[in-house]
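Here is the structure we will look at, set down as structure tokens.
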């Protein structure tokens, strides 16, 4: 089944204000060299999708910078490829009365034009707060077999590994995978199956419900479309059971990142056969470990220079670790510079942070110490 | 629509590089991996890109598959251009017959048509066997200012090594008086780097004359340069200062890789003002496992180090399993060093598997030479590869 993709780049920005004051959710750095949108984009590209619209809202300069012409995801195409869809506002004629969209449904109304120009039978909608490596072609085949209007992709979360909040939605469905209801997460523990916010929609169905929503002034995709039409329209779920993480706070960002240090999680996310995760190429030199460096259980991108000790940490591209410096349980984003004899524990530094000699900074797993972009300590 | 180019570069990449033994069985020398994530040809290509030379003809002949695939459209070096950019130039069949490239000069002669399309004032001739960072634009300025028919880049070498090189003798102003290939008693320490800038008319004239001479070896060093000197052409030497290394032998390739290591490496690739660009594999960041030990090493994307790595350069997606030891070695990419295996003083080409408990080479202090393992070889579990051995034989 042919499909086009639509990515919501801003929809959950408010949940991590620290990291999104100057960027979109989609462009939050993750896992040493990625941005969150890389996972949504790679999932689509790996399933043969060659046309992807990225819905933007505000602060999307860093996102544009990251995506460029889309070549790194093989989405620089004459036909299709990546399309940035900036907010659509005209003074006289628009769906949401001169305001920027505030909900998923309003965002979709704003990109009606893109949807109307698609000839693909299905659209894959994806948010940027989830980190997973889904084989969408299997989900699309199931969507087609079920003759579904909407197929929700569900993921299983172990509450011991990752806390869930009231925003998580728990679906119930019958043996055929037909959706019965969706509830808000209410404190279950153990393995809980939740909606991943990746879903497949029949294009003609989406066009119809959007037109209806505009006439009736509806605003919520789940409340006004999914719940309203439960049991009447053909809604199904399909399960994804690989690595799944959802980022909904700075604490969960820290936790999700640290899960990458676990061998099985990492292999499950990055080394799925024929499903690589793509990202922008930066042409960094290989990382240099100097005599005297000591590195254990850490994920390290290229372009770093390491003279000190690094344990259980994630280093993005171009990080410098000075002599006698000890970094534990920390995430240092691109081009963070640490001087000599610095000690860091449970710290997240954003891009271009400078930590001078002899500084000691420490947070806790439940409350990591965050240093914003470009700060000098 | 054609626009004039000030200078066109021609990169000689057809050499076999037979002194690199098994490393060039399946790959042309310029496509041999260097420094983990680079190929030798990245250096001249990146120098072109950084010097503002946007038209590069790459002359290929020997085993071009990997090289062609690697260069592709030239995008990684920003040489995917609407007009100009990088172009692969293999030998071809013409109306009067077909010929392989008989020598460096003949390769350029056969592609004079390519050069003429861009109507350049000058032509830069490069080779794909050296590791260096050089601003060709500065050399071009020097060439234009001195109004020479040909400018040759030279580097000062120790007098005792001078007899390994083509040596240029100049007057005080830098004008070339004499050129001697590998002199027994060198009278100068200025070694030719094999980098030439020719005035285009002069180049055409001497290449055509050379092609008509059946006794010529059609080589720049042996024929063209001596012919121009004999005819009294104005030729200048341009002195280059900086890191420059021929990586034509196993030993020099190993040494150049080791120059990336240490507190103050002789060759620093992290310099952002002159980036060396390369075609990237899309691999996740490297992981150092809970028992991993990494000291004095250069490691790149996709590597997973669960064992020990010392004084070594690793390419992308190399896995060093638990208990394995890699020392004083160059591992080019996509390799697996199995559990408990030991690799010492060796160069290991791409896609090699050294299985559990195998031994490759000996500690550097005791080894007779560098052990070399060619692309795609499997060293069976528990097997021993002697120091200085070359596999497959």
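So here's what we get for this one:
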{"item": "Proxy reagent accessibility, fewest Cβ within 10 Å first, across B:321, B:236", "result": "B:321, B:236"}
{"item": "Per-bin percent of Cα-Cα distances, chain B [20 Å]", "result": "27, 53, 19, 0"}
{"item": "Debye-sum result for the protein assembly as shown in log10 I(q)/I(0), which assumes one identical scatterer on each alpha carbon, at q = 0.09 Å⁻¹", "result": "-0.93"}
{"item": "Segment residue B:182-residue B:137, length gained on full extension (0.36 nm per residue, minus Cα span)", "result": "13.3 nm"}
{"item": "Relative exposure of B:7, A:118, judged by other C-beta atoms within 10 Å (fewest first)", "result": "A:118, B:7"}
{"item": "Expected 222 nm ellipticity per residue - DSSP helices of 4 or more, -39500 (n - 2.57), all of chain A, to 500", "result": "-5500 deg cm²/dmol"}
{"item": "Peptide A:298-306 - average C-beta neighbours from other chains (10 Å radius)", "result": "6"}
{"item": "Prolate/oblate/rounded call for region B:309-393, Cα gyration tensor, a/c under 1.5 rounded", "result": "rounded"}
{"item": "Percent of beta bridges antiparallel (DSSP, the protein assembly as shown, rounded to nearest 5)", "result": "35 percent"}
{"item": "Using distinct alpha-carbon pairs, which all enter the 1/r mean, Kirkwood radius of region A:288-371 in Å", "result": "12.0 Å"}
{"item": "Proxy reagent accessibility, fewest Cβ within 10 Å first, across A:258, B:134", "result": "A:258, B:134"}
{"item": "FRET efficiency estimate (nearest 0.05) - Cβ-Cβ, residue B:380 to residue A:137, R0 25 angstrom", "result": "0.05"}
{"item": "For region A:3-274, alpha-carbon Rg and Dmax in angstrom", "result": "17.7, 55"}
{"item": "Helix A:250-259 axis, angle to chain A major axis (alpha carbon atoms, nearest 10°)", "result": "80 degrees"}
{"item": "Region B:150-197 - Rg (one decimal) and Dmax (whole number), Cα, Å", "result": "9.7, 28"}
{"item": "For region B:3-88, the spread of Cα positions along each principal axis, largest first, Å", "result": "43, 25, 18"}
{"item": "GNM top mover of B:345, B:92, B:132 - chain B, alpha-carbon springs below 10 Å", "result": "B:92"}
{"item": "Dmax and Rg, reported as Rg then Dmax, of region A:124-266 (C-alpha, Å)", "result": "15.8, 51"}
{"item": "Nitroxide proxy distance, nm - points 7 Å out along Cα→Cβ at residue A:191 and residue A:214", "result": "4.4 nm"}
{"item": "Acute angle (nearest 10 degrees) that the helix B:136-146 long axis makes with the longest principal axis of chain B, alpha-carbon atoms", "result": "20 degrees"}
{"item": "Label point at residue B:161 placed 7 Å out along Cα→Cβ; residues across region B:102-142 whose backbone nitrogen lies under 13 Å", "result": "B:131"}
{"item": "Crossing angle, helix A:203-216 versus chain A [Cα axis fit, 0-90 degrees, rounded to tens]", "result": "80 degrees"}
{"item": "Sorted peptide list for A:179-191, B:13-25, B:222-234, criterion being average Cβ within 10 angstrom, highest first", "result": "B:13-25, B:222-234, A:179-191"}
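Rule-based calculations on the coordinates, nothing more; no lab input. Small disclaimer: the values here were computed from a predicted structure and weren't measured. In this analysis, Cβ positions are derived from the backbone assuming ideal geometry, glycine residues included, and neighbour counts consider all displayed protein chains.
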